[in-house]
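Engineer: Would you mind keeping the following structure in view while I ask a few things?
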Amino acid sequence: MAAGKTLIVIVGPTGAGKTDLAVTLAEHFGAPVLSADSRQIYSGLPIGTAQPDAEQLRRAEHHFIATHHIEEDFNCGAYEQAALALLDRLFTQHDTVIAVGGSGLYVKALCDGLDDLPEASPEIRGQLAQRLRDEGLGPLAAELKRLDPAYYAQADTQNPARVMRALEVCLAAGRPYSSLRTGAVRKRPFRIVMIGTELDRRELYDRINRRVDMMMEAGLEAEARAVYPQRSLNSLQTVGYRELFEYFDGKITRDEAVELIKRNTRRYAKRQMTWFRRDARIAWFPPTHVEEILRHIAKQMLSD
């Protein structure tokens, strides 16, 4: 890949203005946008995954938005391979590409690469999926604690995908997941500039609460009902759908489901910030401080 190519990576918690900033920067640089979101890749979920709207899609070329069916088995490793292949092509046409997303492992896969971990057999994966359906997440998290207490101590154990993947590796390798994670960083053939969008916590939580209300008004309930028969799919183990599925099951009321979505989204945003704050490469800005962000990007480009 030719020198002088730059990937601008925009990260931050849900509701903190990442998409708007990405589109603005894409227009400024004449750059395409690559999503690094583990749920926006799925079709049929535009509201619950907060995919870019029609106007944002018109203003900038987007990739990895609604490109995969919810039944497809797509993970961080597959994303790393597909994203790097796409960047190889995009950088033949553009000097700059914008990546945006709040999925920490997808961002890590894109920027640093992932460890080569064993793939679980279809039997192991099927057994774990059945247990998740029958028993819920709690017993699986407890088994992960038994098999790999080191990973359990720092993992997001409220995230079914993370728990399931760690258990898959433990069972496939016969060793703790944490013992196979080297943390080695793979050098990328392009410059990486990382920007984080930050807001005052009260403002962020207010935005999250309002956004959930707007999602419900936009038809999130109908969107969730359409995929309810496939509720056990990994792609649907996410905030917004899980709570509405419980409402459809008669376990909680609609109002309770909405309040749970707000609460769980706020908790997810807090976990995202904890994850991204560990990365010293990220420079943090309010999402509307575009001129300041552009100056920082220019400085980073000139410093290499």
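The values are calculated or read from the model by the stated rules, or taken from the named source; none is laboratory data. This structure is a prediction, so every number in the text was calculated from the model and none was measured. Here Cβ is always computed from backbone atoms with ideal geometry, including for glycine, and neighbour counts include all displayed protein chains.
Engineer: I need the helices (runs of 4 or more DSSP H) fully contained in segment 1-118, keeping only those with at least 2 residues that are within 14 Å of the chain's Cα centre (by Cα).
Structural biologist: So the answer is 18-29, 76-90, 104-111.
Engineer: Looking at segment 35-46, can you tell me whether even one residue there is in the same structural domain as Asn264 (by TED's automatic domain parsing), in contact with a Lys or Arg (Cβ under 8 Å, 6 or more places away or on another chain) and either touching a residue at least 12 places away in the same chain (Cβ under 8 Å) or farther than 25 Å from Ala184 by Cα (or both)?
Structural biologist: yes
Engineer: Exactly one of these conditions fails for Leu128: (1) touching a Ser or Thr at 6+ places or on another chain (Cβ under 8 Å); (2) assigned to a helix (DSSP H, G or I). Give me its number.
Structural biologist: (1)
Engineer: Are there any pairs, at least 6 apart or on different chains, whose C-beta atoms fall under 6 Å, with the first in segment 253-275 and at negative phi and the second among the small types (Gly, Ala, Ser), and if so, which?
Structural biologist: Filtered contacts from segment 253-275: Ile261/Gly240; Gln272/Gly102; Trp275/Gly104.
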